[in-house]
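*Asks:* Quick one: this structure, given as structure tokens, is what I'll be asking you about.
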Amino acid sequence: MDLRVKRDTFNPVFRFAASAIVVSAIVFAYFRWLRVNPATVGFTFLLVILFISAAWGLRYAIFAAVLAATTYNYFFLPPLFRFTIADPQNWVALIAFLVTAVAGSQLSERARRSTMYADQRRREVERLYSFSQELWLSESVFELLNVIPKHIVDSFEAGGVALFLDGKQETYFFDDHSRNLFPVDQLKAISGRGEPVFDRQNRTCYMPLRMGVRTVGALGIAGCDFSRESLEAVGSLVAISIERANTVERLTKSEAARESDRLRSVLLDSVTHEFRTPLTAIKASAETLLSEMELDKPQKKDLLLVINQESDRLNRLVGEVAEVTQLDSHDIQFHLEPHEIREAIDAAIETSHSALRQHHVEVTVAPGLPPVQMDLERIVEVLTQLLDNAGKYSPPDSPIHVTAEQRGSEIVTSVADHGAGIEEMEQGMIFEKFYRGRNQRMLIQGTGMGLPIAKAIVELHGGKIGVTSQVGRGSVFYFSLPTA
């Protein structure tokens, strides 16, 4: 209903009729009820004419001025009810009124047009700013090229958009209607010519995409009502955003390659020492068994036990290296099923039996916990890593506490120890790949891959992992998982 009323007020017939009705109402009011001198009537007409000019434009104001001058002569200048003027001074008054009304209307119209132009430019600047913000959000060229037509339609209320790129020789359309509106040959011609084309009759326009003096493509917009300056700004923004996304993509690939090389080097440095230690033990045990030394049965069994244990250690190291690579590339499949968190805790304690043999483990699980959507094997791996660390970094016979509770829509599981604690500066670094505490790296074996693996697994489950520690008092490692 409101839209229909608004359309009616833009109808020229309605505006002419409204102007006539307002003038007639003033004549009726002053002639029938309010007895005032003709000057007051003239000033009232003049004010109304200025208001009409400011609101609707010059042609309606001139129509109102001619109608007002006619009725002013007929009803208020003697002799009344005749289109003649007896006093020459009244001729001067009538002509002055008419000239003043027209001149004032022109000035008011000029001010109105300036205001409308300023408002239009302000709206265009606001839309350009919003459009530029949308463009900066995309750093992938493929994603950007597919969303640019939609952003233009959303930001400028366009009826359709087509984007052509010289380098790719491809065209991107907002919808099928846009595909029919903008022939590809026309877009290519605009890109080659480098000059904008405006079709005011069909309300479409074509704008070349320029990077400085270089043309990189063309843009077609339906429902093109904004100025040439704004259209050129849109073309420049699109060209700059595409060039920026190309640059970011190239830099990202280059940085990823450098980071991959760096991680490969760090990985080799980290595992070389860890590999050498069990290999040395295996080699020494094997050489002893192969030598001509007389060994009794218990001695042979001890050497074979060393070989078996160190082989398991090597196998675990190789597995960690492979897992770090898989998690970094997201080349890993999780089998998510609802499980009780107690199930994962019990399995992890059983797996970490040897690391916890000198500690008493206290488990506290809140009753009635909902199940968690998880890959049971992977979450057991996370808990095993936390329990192994607690066993390695805690003094013998100190207890280890495992708790699980619900906080909102998450299950939070924590492993607390009574070890040496972690300095505040290092708490944010221990989840980085290959980082090991500076006070422990020479005392306790490790590669620095366990906690980063645990962090990646938890985050890929949609949870978070962290630590709270106090030097000399111990540490609490915790992680959260969303409920099923």
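The values are calculated or read from the model by the stated rules, or taken from the named source; none is laboratory data. These numbers were taken from a predicted model, which means no experiment stands behind them. All Cβ positions, glycine included, derive from the backbone under ideal geometry; neighbour counts span all protein chains shown. Calculation scope for accessible area: heavy atoms of the full protein, side chains included, ligands and nucleic acids excluded. Shrake-Rupley method; radii C 1.70, N 1.55, O 1.52, S 1.80 Å.
*Asks:* Determine which member of the set Val318, Val324, Val382 is of a type outside the set (Asp, Glu), over 23 Å from Leu279 (Cα atoms) and either open to solvent by less than 40 Å² (accessible area, probe 1.4 Å) or modelled with pLDDT under 80 (or both).
*Replies:* None of the others qualify; the one that does is Val382.
*Asks:* Related question: Would a scan of the range 142-149 turn up a residue that is in a helix (DSSP H, G or I) and within 30 Å of Met116 (Cα to Cα)?
*Replies:* Looking for residues that are in a helix (DSSP H, G or I) and within 30 Å of Met116 (Cα to Cα), one finds at least one in the range 142-149, hence yes.
*Asks:* So, in the range 468-484, of the ones that are of a type outside the set (A, V, I, L, M) and part of a loop (DSSP other than H, G, I, E, B), which residue ends up modelled with the highest pLDDT?
*Replies:* Out of the qualifying residues, it is Arg473.
*Asks:* Could you list, in sequence order, the residues of the range 11-42 that are among the aromatic types (Phe, Trp, Tyr) and under 20 Å from Glu109 (Cβ atoms)?
*Replies:* Result: Phe14, Phe16.
*Asks:* Then there's this: Going by the conditions given, is Leu80 surrounded by fewer than 20 Cβ atoms within 10 Å (Cβ to Cβ), at negative phi and part of a helix (DSSP H, G or I)?
*Replies:* No; evaluated as a whole, the condition is false for this residue.
*Asks:* Tally time: how many residues in the range 360-388 are under 20 Å from Glu459 (Cα atoms) and part of a helix (DSSP H, G or I)?
*Replies:* The number of residues fulfilling the criteria is 12.
*Asks:* If a residue has to be in a helix (DSSP H, G or I) and of a type in the set (D, E, K, R) to count, how many in the range 21-69 make the cut?
*Replies:* 2
*Asks:* Where residues in the range 156-165 are part of a loop (DSSP other than H, G, I, E, B) and at pLDDT 80 or above, which of them is least open to solvent (accessible area, probe 1.4 Å)?
*Replies:* Ala158
*Asks:* Here is a follow-up. Answer with yes or no whether Ser329 is open to solvent by less than 50 Å² (accessible area, probe 1.4 Å), among the polar types (S, T, N, Q) and either at pLDDT below 90 or under 39 Å from the mean Cα position of the chain (by Cα) (or both).
*Replies:* Answer is no for this residue.
*Asks:* Mind checking whether some residue in the range 124-140 is at pLDDT 75 or above, on the phi < 0 side of the Ramachandran plot and either surrounded by 14 or more Cβ atoms within 10 Å (Cβ to Cβ) or not acidic (Asp, Glu) (or both)?
*Replies:* No, the conditions are met nowhere in the range 124-140.
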